[in-house]
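The values are calculated or read from the model by the stated rules, or taken from the named source; none is laboratory data. Owing to the predicted nature of the structure, the values given are computational and were not obtained by experimental measurement. Here the Cβ is made from the backbone with ideal geometry for all residues, glycine too, and neighbour counts use every protein chain on show. Surface accessibility is based on the protein's heavy atoms, side chains included, excluding ligands, DNA and RNA. Shrake-Rupley method; radii C 1.70, N 1.55, O 1.52, S 1.80 Å.
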Amino acid sequence: TSDKKERMWFAFYAVGSYAYRMFIMVGIVIFLANALFILGVLFGVTIVWGMVIKPLHKFFHYIAFDNELRYSRNRTFTIAAIGTMILICLVLVVKVPDWIRIEGIVDPVQSRTVYTLYDGILKEVSPQGPVRKGQVLCEYENRTLLTEIEVLACDIIVKKNEFRLAESEDIARAQVIKDQLETLTESVALMEKNKAALINYADIQGLWITQNLKNRVGEHMKQGTRIGLLIDPSDFIIRAVANQDRAQLLNEPVLHAEFRVKRLPEKQFGAQFLKLLPV
């Protein structure tokens, strides 16, 4: 019983150690081929000779000519032939999935670049992170605009009083004052709209990203200044450029795709292959 267990362990060790050595050698060949192609090819040929061709030659020479097998040579040869055929079928017939790795750029499918909508002094900034739809992102202050609104509001009150007096005394003058009152009302409406533009709201639920905007509180911001980005973190699209060899593989049905972030290689995210565009 002990001898049988030892033979089993030795057989397992022989196969396992050979597979481990082959795995290490193939890794070295791939590394050298990426760094120095010629050196990788030479090293690969050496490995094929030393770990595949030479052992097979010794094995079949042992089966064909060794005296230990003179009474069971036919059976041994049959078993070896069947094993070789099974191995060839596994290598040539059984399909093994292939994979390629391509570096690309990850962009959110839904994103909003946030700009200042009107001139003002940055008063308050929402911290970076998740935000809900309608949440205030930035708030500005424009005292000149507020003063102009107050002045126009006073002018409207004065013009309304003048209009009431002119209605009973001078109809022509009342019409002129009415036109002036409409112009003032339109100006106030426009300024109220500009006042509302002093606050940036999140128009989608997502992730609010800024670059040192907190340090710019108190700074005068002109209309159209880029202040941050609002993205939807639930869906991304990846754009990558593949060389001709890899693009040829992508023409086949892609069964599985995944992506990893460069700074977080341990995290794996599922993906879906959409389309291949020639360039």
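For R260, state whether it is basic (K, R) and at pLDDT 90 or above. Give the derivation first.
Numbers: basic (K, R): yes; at pLDDT 90 or above: no.
So R260 does not fit the description; no.
Inspect the range 152-167 for any residue being among the aliphatic types (A, V, I, L, M), within 60 Å of the chain's Cα centre (by Cα) and loosely packed, with under 12 Cβ neighbours inside 10 Å and give the result as yes or no. Yes. Among the residues of the range 86-94, is there at least one that is open to solvent by 90 Å² or more (accessible area, probe 1.4 Å) and either modelled with pLDDT of 80 or more or closer than 29 Å to H220 by Cβ (or both)? Checking the range 86-94: at least one residue is open to solvent by 90 Å² or more (accessible area, probe 1.4 Å) and either modelled with pLDDT of 80 or more or closer than 29 Å to H220 by Cβ (or both).
Every listed requirement among (1) without any contact (Cβ under 8 Å) to a residue 60 or more places away in the chain; (2) over 30 Å from T183 (Cβ atoms); (3) polar (S, T, N, Q) is met by Q128 save one, (1). When restricted to residues that are among the hydrophobic types (A, V, I, L, M, F, W, C) and in contact with a Leu (Cβ under 7 Å, 6 or more places away or on another chain), the range 31-53 contains 3.
Filter the range 37-85 down to residues that are of a type in the set (D, E, K, R) and surrounded by 11 or more Cβ atoms within 10 Å (Cβ to Cβ) and give me whichever is nearest to the chain's Cα centre (by Cα). Talk me through it step by step, then tell me what you get.
To start, the set of residues in the range 37-85 that are of a type in the set (D, E, K, R) comprises 54, 58, 66, 68, 70, 73, 75.
From the residues that got through so far, the ones that are surrounded by 11 or more Cβ atoms within 10 Å (Cβ to Cβ) too are 54, 66, 73.
Numbers: K54: 47, D66: 61, R73: 61 Å.
Selected residue: K54.
Among the numbered conditions (1) modelled with pLDDT under 85; (2) exposed (fewer than 12 other Cβ atoms within 10 Å of the Cβ), the only one that V29 does not meet is (2).
Do we have A174 as modelled with pLDDT of 75 or more, surrounded by 15 or more Cβ atoms within 10 Å (Cβ to Cβ) and more than 21 Å from P130 (Cα to Cα) here?
Working: modelled with pLDDT of 75 or more: yes; surrounded by 15 or more Cβ atoms within 10 Å (Cβ to Cβ): yes; more than 21 Å from P130 (Cα to Cα): yes.
Yes.
Looking at F10, F23, just one residue is modelled with pLDDT under 80 and either open to solvent by 100 Å² or more (accessible area, probe 1.4 Å) or over 25 Å from F77 (Cβ atoms) (or both), and that residue is F10.
Which of the residues spanning the range 95-117 are open to solvent by 100 Å² or more (accessible area, probe 1.4 Å) and under 19 Å from L198 (Cβ atoms)? Listed by number, the list holds a single entry, Y115. Looking only at residues in the range 59-79 that are more than 22 Å from A14 (Cα to Cα) and either of a type in the set (V, I, T) or not in a helix (DSSP H, G or I) (or both), the one that is modelled with the lowest pLDDT is R70. Of everything in the range 118-133 that is open to solvent by 90 Å² or more (accessible area, probe 1.4 Å) and touching a Leu at 6+ places or on another chain (Cβ under 9 Å), the residue that is nearest to L198 (Cα to Cα) is K123. When restricted to residues that are without any contact (Cβ under 8 Å) to a residue 12 or more places away in the chain and closer than 17 Å to K195 by Cβ, the range 148-169 contains 3.
For first residues located in the range 170-197 and in contact (Cβ under 8 Å) with a residue 40 or more places away in the chain, partners that are open to solvent by 60 Å² or more (accessible area, probe 1.4 Å) and not in a helix (DSSP H, G or I) and lie 6+ apart or on another chain with Cβ distances below 8 Å form the pairs A197/L117.
Residue check: is K195 modelled with pLDDT of 90 or more, of a type in the set (D, E, K, R) and surrounded by 15 or more Cβ atoms within 10 Å (Cβ to Cβ)? Before the answer, list the steps.
Working: modelled with pLDDT of 90 or more: yes; of a type in the set (D, E, K, R): yes; surrounded by 15 or more Cβ atoms within 10 Å (Cβ to Cβ): yes.
So K195 passes the test.
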